[in-house]
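The values are calculated or read from the model by the stated rules, or taken from the named source; none is laboratory data. Just so you know, these numbers come straight off a predicted model, no measurement behind them. We work out accessible area using only protein heavy atoms, side chains counted, and drop any ligands, DNA or RNA first. Shrake-Rupley method; radii C 1.70, N 1.55, O 1.52, S 1.80 Å.
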Amino acid sequence: MKKETIRKHVDSELHKISAGKKRAALSKPGSSKADQALQKLNKTQVNRLSVLFRVCHALAKQGRPFTDYLWQCKLALQNGSDVGPTYQNDKQAREFTKYIAEDQRQEINKHVSAAKFLTLMSDGSTDCSVTEQEALYVRHATAGVISTNFVGICSVDKADADHIERGICSNMTSHTKIPEGTWLKKLVGFGSDGASVMVGKNNGVVAKLRQKQPCLQVIIYLFKCFF
């Protein structure tokens, strides 16, 4: 073969592309300059998002409005945290909080699924539109650790035993993603106040739940200390 032909081939674009692919195939993952630059960029972005997610988590825990998010980001920046130039508005705070809630819900669902026995605790109140709202908590033990977790709040059309019982069951099923027949088999207790609509012997919520789970035990609490 002529040297000139070989030299032209070496300098050709096709040969350079093929040689680059060969070097990339033989190199260790993450060793190229492009990979290293991307990793550094990703690490910076992850650190920024971690700060923003912690801010949203704090707002949710303290019951603060999403409009506080912007000045909390400015405060984090003044304290030396890198928050970046983006994702700093109340709409994004709402989105981040939604992701946090979904992650927490999945964690709760994992523990509830692993638990052998469950106790539900429910209490109701009317909101500003005079609509009955039922709050539901689940108490369980996993690996020897007793936990009480908030399941969710649901609206009921009417504050009678039929509607409340259906609301509790649909609330538990929709929020935990566990079929009703599965969690009912684990249900051993139900806690509520002493209202007749809840603990009525014949037509109360407990009576209707016992039609589905005859072994259900009732706990009447004196103080509303779910939190």
Mind checking Rg over Rh on region 89-227, alpha carbons, Kirkwood formula for Rh? 0.98
Tilt of helix 69-78 relative to the longest C-alpha principal axis of the chain, in degrees (0 to 90, nearest 10)? 50
Which percent of the accessible heavy-atom area of the chain goes to carbon and sulfur, probe 1.4 angstrom? 57
For the chain, share of DSSP beta bridges that run antiparallel, in % to the nearest 5: 70
Probe 1.4 Å, protein heavy atoms only - accessible area per residue of the chain in square angstrom: 67
